[in-house]
2 protein chains.
Amino acid sequence: MHAQSQNLLSNIRIVLARPSHPGNIGAAARAMKTMGLSDLWLVSPKKFPHPDAEAMASGAVDLLDCATVSDTLEAALTGCVLAIGTSTRLRDLQAALLAPEDAAGKALTEAQAGKVAIVFGNETFGLSKEELACCQALMTIPANPDYSSLNLGAAVQVAAYVLRRMALEENFAEPELDAADLEEVERFYAHLEQTLIRIGFLNPASPKRLMPKLRRLFSRTRLQKEEINILRGMLSAMESTKTLR
Amino acid sequence: MHAQSQNLLSNIRIVLARPSHPGNIGAAARAMKTMGLSDLWLVSPKKFPHPDAEAMASGAVDLLDCATVSDTLEAALTGCVLAIGTSTRLRDLQAALLAPEDAAGKALTEAQAGKVAIVFGNETFGLSKEELACCQALMTIPANPDYSSLNLGAAVQVAAYVLRRMALEENFAEPELDAADLEEVERFYAHLEQTLIRIGFLNPASPKRLMPKLRRLFSRTRLQKEEINILRGMLSAMESTKTLR
């Protein structure tokens, strides 16, 4: 991850407004840490600190230890250049309603200049009118209209995932395979053809489309050196079987 | 949501392999339902049914009621045309490693033709080598390298979110025509193993990693029905050669 991406993520603040269940605070902390976020604020949590929060945080207890608790959302937004509320409710449609990707793009753009808060409401009631009024934009996670009730920790996970993806701008390297070079692959095909003739599966007088079909099969993947060795070892074993006959 | 998108999502099966904590099963069910998924399979869950699962499922208890429990992953993949494993571990990098968006695109493309499984491993140990060998592709959720441990329910939420987002975009390539289903592929592996033993290339007393390596090779591609027929024809030819000796 580039230093700049990490800097952007470190400028994202997750604010949980009036969370009822301490387990959800822990789940949110874990979700944040898996995606490289660390700045957690809690507005009037019902129970915190709490063993359930620590249990659900798992390896992210450090985020709970560093979390800041405030009485009001205004206080939790101190120093922020932008606050984006979250909602699944139609009644909150008054603000510009952003998809997570659009909200993340906006958040990261502003995070170049300063702290940006993503604000999650109470599990049952969502964000209050007063809390919504503190937000300059509103994000919604598109969900099943018949059951749109994401768990609070799960909603934080989705938002944090999208933020990280956008911050990284999709540099997802393929793992390095020990790929065979094309000459090795050609030698394998020659060996395969010769063996298939010797075991009587391929008739050289009427080869049909057998070899092109087998080439097509193996060319869809990238054969590794070790795999070529295994396959040619198999062919040699077949040939010696034939020779012994 | 268009009917086609919903049809695609209804062909996505979420498989939890050996989950330890019933609460995570419930969280996964809730995550699924919020994103319009409903087909949940559990392979040897440690505790299920369980009150913790129902508590965490919240309004998605119906998915728990309809969940199918099986003894093996193979059984849970019955009827599937594609299985995509999930992992955050570097050791699993042998298969083509897909970002969630790429995995979802692949899954939804194939879901036009049949059931597609997304397979999640045990909370602590992930997918076993044997379970990974049942998967034709591997998805990873890009995470903080210093703490990549997503909660199981949170991982299902991210995957389900990405699937729903992609399903709503609705532009999918034609599915691979004539793809062999997983049972046919398993029968090919069984035939291959048997033949390799008969030609003396595989020593059943000391099989080493030969079959897993061959599975890995073929699982990087999607075998077609015709290709399975060719390969099994080759195996039969080898066997008759051996018999005639």
Seminar exercise, completed: Of the candidates B:E101, B:E123, the one satisfying the condition of being among the charged types (D, E, K, R), modelled with pLDDT of 90 or more, touching a Leu at 6+ places or on another chain (Cβ under 6 Å) and not assigned by TED's automatic domain parsing to the domain that holds B:T221 is B:E123
For this session: Within segment A:50-57, identify whether any single residue is under 25 Å from the mean Cα position of the chain (by Cα) and more than 21 Å from B:A27 (Cβ to Cβ), and answer yes or no.
Result: no
Exercise. Given the structure, is A:Y161 closer than 30 Å to A:V119 by Cα, modelled with pLDDT of 90 or more, of a type in the set (S, T, Y) and outside any loop (DSSP other than H, G, I, E, B)?
Worked result: yes
Problem set entry | Pairs where the first residue, in segment B:199-213, is farther than 17 Å from A:M238 by Cα and the second is at pLDDT below 90 and surrounded by fewer than 16 Cβ atoms within 10 Å (Cβ to Cβ), C-beta under 7 Å, 6+ apart | B:P212/B:K129
For this session: Answer yes or no as to whether B:K33 is basic (K, R) and more than 10 Å from every other protein chain (Cβ to nearest Cβ).
Result: no
Exercise. Of the residues that sit in segment B:202-213 and are touching an Asp or Glu at 6+ places or on another chain (Cβ under 8 Å) and hydrophobic (A, V, I, L, M, F, W, C), which one is farthest from the other protein chains (Cβ to nearest Cβ)?
Worked result: B:M211
Exercise. Being within 13 Å of chain A (Cβ to nearest Cβ) and touching a residue at least 60 places away in the same chain (Cβ under 8 Å), is that true of even one residue in segment B:67-84?
Worked result: no
Exercise. How many residues are within 14 Å of another protein chain (Cβ to nearest Cβ) and in contact with a Pro (Cβ under 7 Å, 6 or more places away or on another chain) if we restrict to segment A:107-163?
Worked result: 7
Seminar exercise, completed: Scanning segment B:222-239 residue by residue, those facing another protein chain (nearest Cβ under 8 Å) and free of Cβ contacts under 8 Å to residues at least 24 places away in the same chain turn out to be B:I230, B:G233, B:M234, B:A237
Problem set entry | Residues satisfying the stated conditions in segment A:10-50, i.e. modelled with pLDDT under 95 and surrounded by 24 or more Cβ atoms within 10 Å (Cβ to Cβ) | none
Seminar exercise, completed: Given (1) within 14 Å of another protein chain (Cβ to nearest Cβ); (2) surrounded by fewer than 17 Cβ atoms within 10 Å (Cβ to Cβ); (3) in contact with a Ser or Thr (Cβ under 9 Å, 6 or more places away or on another chain), A:L98 misses just (2)
Exercise. Which of the residues that make up segment A:179-201 are aliphatic (A, V, I, L, M), more than 9 Å from chain B (Cβ to nearest Cβ) and in a loop (DSSP other than H, G, I, E, B)?
Worked result: A:A180
Exercise. Any idea how many residues of segment B:201-212 are touching a helix residue (DSSP H, G or I) at 6+ places or on another chain (Cβ under 7 Å) and surrounded by fewer than 17 Cβ atoms within 10 Å (Cβ to Cβ)?
Worked result: 3
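The values are calculated or read from the model by the stated rules, or taken from the named source; none is laboratory data. Just so we're clear, the structure is a prediction, and the values are computed from it rather than from any experiment. Please note: Cβ atoms are built from the backbone with ideal geometry, for glycine as well, and neighbour counts cover all protein chains shown.
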